[in-house]
Amino acid sequence: NFFSQVDDILDEMDDSLPDESFLEFLDRRFPNPRNDLKKEEAKQRAVDYVTGFNAADPSLVGVHWLVQSMRAEETIQGARAFRSRNGYADLVAIFRQKIAQHDVLVKTRTVVDKVRWRRGSADVTFHSAEGSPVIAARRVLITLPLALLQAPLGEAGVVEFTPSLPRQKIESLDKLEMGKVIRIVLRFRHRFWDEISAPGHRTRTLSDMSFLFSRDEWFPTWWTTMPKRYPIITGWAPFRSAERLSGQSSSFVVKRSLQTLGRLLGVEWTKLESWLEAAFFHDWQSDPFSRGAYSYAKTGADGAQQSLAAPVENTLFFAGEATDISGHNGTVHGAIASGYRAAKEILHGRE
């Protein structure tokens with residue numbers, strides 16, 4: 001009844017009331033739950049869900065944004081679970097095929113340093129192995145991650161805008177926050193969980209396990225590749241868990257993941273280590289070109305995404321998941337939708 005308990009609490013949120021943080025909402029709506037252990041457990045599970053799914057600090061994330069995100073998810077039946085056969089590589093391949101049909105040049109390993117702009121024109125300075133040329137354009141589409149737009153000038157990956165972005169856009173940046181996540185993918189020689197008994201079942205094993213939820217402080221959530229039965233399992237470390245792991249060595253992260261998985265499944269982690277073929281993870285928080293996972297809105301952030309997404313002088317345009325205005329920011333489909341929205345704005349500006 002994990003999800004029903006969480007849903008019962010989340011359904012109590014109301015965006016017609018003044019905005020408040022998720023923790024403030026819980027304290028107001030469910031005061032003194034210590035006298036009721038079931039309510040206390042449900043309350044903690046709701047916190048775990050918000051921090052895990054949204055990678056958000058529950059003391060910062062706003063109820064209004066959570067409600068709007070839930071509504072947007074319901075409109076697309078977001079509770080369905082499915083995955084692309086070959087992961088996000090399939091998605092990238094589709095876009096590459098589309099842009100190849102329109103003579104679009106894509107330059108990788110190229111870092112933008114500065115955008116000097118005025119109404120109707122912009123000069124974009126970048127550096128790469130080829131040098132530091134300047135490209136002139138009438139319009140510029142900016143898809144920088146939220147944390148890069150928030151970071152101070154002079155740091156790696158940060159783009160300088162001259163003149164600086166309008167005050168209203170800067171203020172909107174202060175109302176949004178970048179979530180923190182570390183994800184690790186472990187590939188074993190065999191699906192060892194096929195032979196582990198499911199809790200409370202003598203004859204049933206974990207062979208059909210799709211998701212595994214726990215209260216572990218390092219990797220609380222895991223999922224398999226079901227319905228494909230590959231010997232691969234993915235660990236998810238959001239918020240505080242990501243803060244503990246970020247900046248650590250690869251060997252440290254892998255060891256912690258194996259220790260967690262072994263403890264949850266009742267297998268010595270050294271055994272898992274002997275079965276491990278490969279481990280893959282990326283520390284987005286320490287990556288200067290992302291500085292986090294995906295965005296969420298803080299208390300009092302109503303309209304922040306719209307403000308961040310708004311074009312400037314028909315010259316600077318903005319896309320990326322943090323600018324999605326349909327309630328899907330923080331998601332891949334939200335990022336894609338923002339790109340279509342920005343493209344329409346640019347084409348409309350040409351008319």
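Some values worked out for this structure:
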read-out: Alpha-carbon radius of gyration plus Dmax, which is the widest Cα pair, for the stretch 52-104 in Å; value: 16.8, 47
read-out: Percent carbon-and-sulfur accessible area, the stretch 168-230, ignoring ligands, DNA and RNA, probe 1.4 Å; value: 48 percent
read-out: Which of Ser214, Gln306, Ile184, positive extreme of dipole for the stretch 160-310 (C-beta unit charges); value: Ser214
read-out: Radius 13 Å from Cβ of Glu20, net charge of other residues (Lys, Arg +1; Asp, Glu -1); value: -4
read-out: Gain upon complete extension [Ala81, Arg202; 0.36 nm per residue less C-alpha separation]; value: 40.8 nm
read-out: Extended-chain gain in nm, criterion 0.36 nm per residue less alpha-carbon gap, Glu155 and Leu60; value: 31.7 nm
read-out: Lys, Arg +1 and Asp, Glu -1 on Cβ, resulting dipole of the chain about Cα centre, debye, nearest 20; value: 1080 debye
read-out: Range of Cα positions in the stretch 19-60 per principal axis (Å), largest first; value: 29, 21, 10
read-out: Residue-normalised accessible area of the chain, expressed per residue, 1.4 Å probe, Å²; value: 57 Å²
read-out: Of Ser214, Ser132, Ser84, the one that fluctuates the most in a GNM where the chain has Cα springs shorter than 10 Å; value: Ser84
read-out: Theoretical ellipticity at 222 nm over the chain - DSSP helices of four or more residues, -39500 (n - 2.57) apiece, nearest 500; value: -11000 deg cm²/dmol
read-out: Computed E for Gln97/Asp36 - FRET, C-beta separation, R0 41 angstrom, nearest 0.05; value: 0.15
read-out: Surface share of carbon and sulfur [accessible, 1.4 angstrom probe, percent] for the stretch 1-50; value: 46 percent
read-out: Reachable lysines, given that their alpha-carbon falls under 28 Å from the alpha-carbon of Lys228 and they are not under 8 places away in the same chain; value: Lys255, Lys271
read-out: Order of exposure, largest accessible area first, which applies to Thr315, Thr331 with probe 1.4 Å; value: Thr331, Thr315
read-out: Rounded D (µm²/s) - the chain, Kirkwood Rh over Cα pairs, Stokes-Einstein at 37 °C, 0.692 mPa s; value: 146 µm²/s
read-out: Mean Cα-pair separation over length for the chain, i.e. relative contact order, pairs under 8 Å, 6 or more apart, %; value: 20 percent
read-out: The stretch 48-171: relative contact order as a whole-number percent, Cα under 8 Å and 6+ apart; value: 16 percent
read-out: Pairs beyond 26 Å (Cα-Cα), from Lys98/Lys344; Lys98/Lys169; Lys39/Lys180; Lys114/Lys169; Lys114/Lys298; Lys180/Lys344; value: Lys98/Lys169; Lys39/Lys180; Lys114/Lys298; Lys180/Lys344
read-out: About the Cα centre, charge dipole magnitude for the stretch 231-309 (Lys/Arg +1, Asp/Glu -1 at Cβ), debye; value: 220 debye
read-out: Dipole in debye (nearest 20) - the stretch 265-325, about Cα centre, beta carbon charges: Lys, Arg +1; Asp, Glu -1; value: 140 debye
read-out: Gained length - Val111 relative to Ala89, 0.36 nm times residue gap less alpha-carbon distance; value: 5.7 nm
read-out: Among Val67, Trp284, Val47 the positive-end extreme of the charge dipole of the chain (Cβ point charges); value: Trp284
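The values are calculated or read from the model by the stated rules, or taken from the named source; none is laboratory data. Keep in mind that what you see is a predicted model, and the values were worked out from it rather than measured. Using ideal geometry, Cβ is built from the backbone for each residue, glycine included, and neighbour counts are taken over all protein chains shown. We work out accessible area using only protein heavy atoms, side chains counted, and drop any ligands, DNA or RNA first. Shrake-Rupley method; radii C 1.70, N 1.55, O 1.52, S 1.80 Å.
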